1. Surrounded by fewer than 19 Cβ atoms within 10 Å (Cβ to Cβ) and either closer than 20 Å to residue 143 by Cα or in contact (Cβ under 8 Å) with a residue 12 or more places away in the chain (or both): which single residue out of 74, 53, 32 fits that description?
2. Which condition number does residue 138 fail, the rest of (1) crowded, with 18+ Cβ neighbours inside 10 Å; (2) among the β-branched types (Val, Ile, Thr); (3) closer than 21 Å to residue 66 by Cβ being met?
3. Could you grab me the full set of residues in the stretch 148-169 that are surrounded by 14 or more Cβ atoms within 10 Å (Cβ to Cβ) and either of a type in the set (Lys, Arg) or not in a helix (DSSP H, G or I) (or both)?
4. Within the stretch 1-25, work out how many residues are among the hydroxyl-bearing types (Ser, Thr, Tyr) and either without any contact (Cβ under 8 Å) to a residue 24 or more places away in the chain or assigned to a strand (DSSP E or B) (or both).
5. Got a sec? Which of 61, 84 is surrounded by 20 or more Cβ atoms within 10 Å (Cβ to Cβ) and either assigned to a helix (DSSP H, G or I) or free of Cβ contacts under 8 Å to residues at least 24 places away in the same chain (or both)?
6. Testing residue 41 on (1) closer than 14 Å to residue 111 by Cβ; (2) assigned to a strand (DSSP E or B); (3) among the basic types (Lys, Arg), one condition comes back false. Which one is that?
7. Within the stretch 87-107, which residues are of a type in the set (S, T, N, Q) and either part of a helix (DSSP H, G or I) or free of Cβ contacts under 8 Å to residues at least 12 places away in the same chain (or both)?
8. Answer yes or no: is there a residue in the stretch 176-188 that is buried (at least 19 other Cβ atoms within 10 Å of the Cβ) and either modelled with pLDDT under 95 or in a loop (DSSP other than H, G, I, E, B) (or both).
Amino acid sequence: MLLTPLEDPGLTVLPTHRVATTPLPSSDQIKTVLSDVFELRDFPFNASTQDHTRSQFLASLRTEGKNAPVFGLTRQGDDRYVTLTLKPAHRPSIQASPRAKLDVSLLQQLIVTRLCPTQQEQEAILYTKDDHEALDWVANGTGTGAFLLNATKVSEVQAVAAAGERMPHKSTYFYPKPLTGLVINVMNG
């Protein structure tokens, strides 16, 4: 067991990105399905610009995510990354529960359930804390699409707990992790 104060500056919550392994709709269908709720911004790339574009895409995801719920999306075979910014009219109200305001809840409700509607598809999702790993899994064919999100804030975890709610599945990845399997044996002569 490890106890640490919530205010500890070394305590970090990393995002848990989702990678679909079942077929996703086409890019045009995704835009049709999501454009009523999200503002979509494309980051097109080719082989020579992919690394630079990826850096810009991830920086945009983090920067814009400070002011509004923003998600990242890429599909296998596409030559673009896409940021999805939740339109103001669809953002949770002030009165919404702390759990409903979490990016991970919004991702599940507004994106994953629309693009992976069956239980079987949702159970075939892989998880990773690493942005690049999620994008690489799609690029190398391990996954068919990646859904990136910003990290849950420690204050958001605290608000959910204070409201007596449970955090959604795969919504927190606290870092650093305590060592496991460490055994100390006192050796007396």
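The values are calculated or read from the model by the stated rules, or taken from the named source; none is laboratory data. Everything numeric here is computed off the predicted structure, so don't read it as measured data. Quick reminder, even Gly has a Cβ in these numbers, built from the backbone with ideal geometry, and neighbours come from all protein chains shown.
1. Criteria check complete, one pass: 53.
2. Failing condition for residue 138: (3).
3. 148, 149, 150, 151, 152, 165, 167, 168
4. 2
5. Result: 61 is the single residue among 61, 84 that is surrounded by 20 or more Cβ atoms within 10 Å (Cβ to Cβ) and either assigned to a helix (DSSP H, G or I) or free of Cβ contacts under 8 Å to residues at least 24 places away in the same chain (or both).
6. Failing condition for residue 41: (1).
7. Across the stretch 87-107, the qualifying residues are 93, 95, 105.
8. Checked the stretch 176-188: no residue is buried (at least 19 other Cβ atoms within 10 Å of the Cβ) and either modelled with pLDDT under 95 or in a loop (DSSP other than H, G, I, E, B) (or both).
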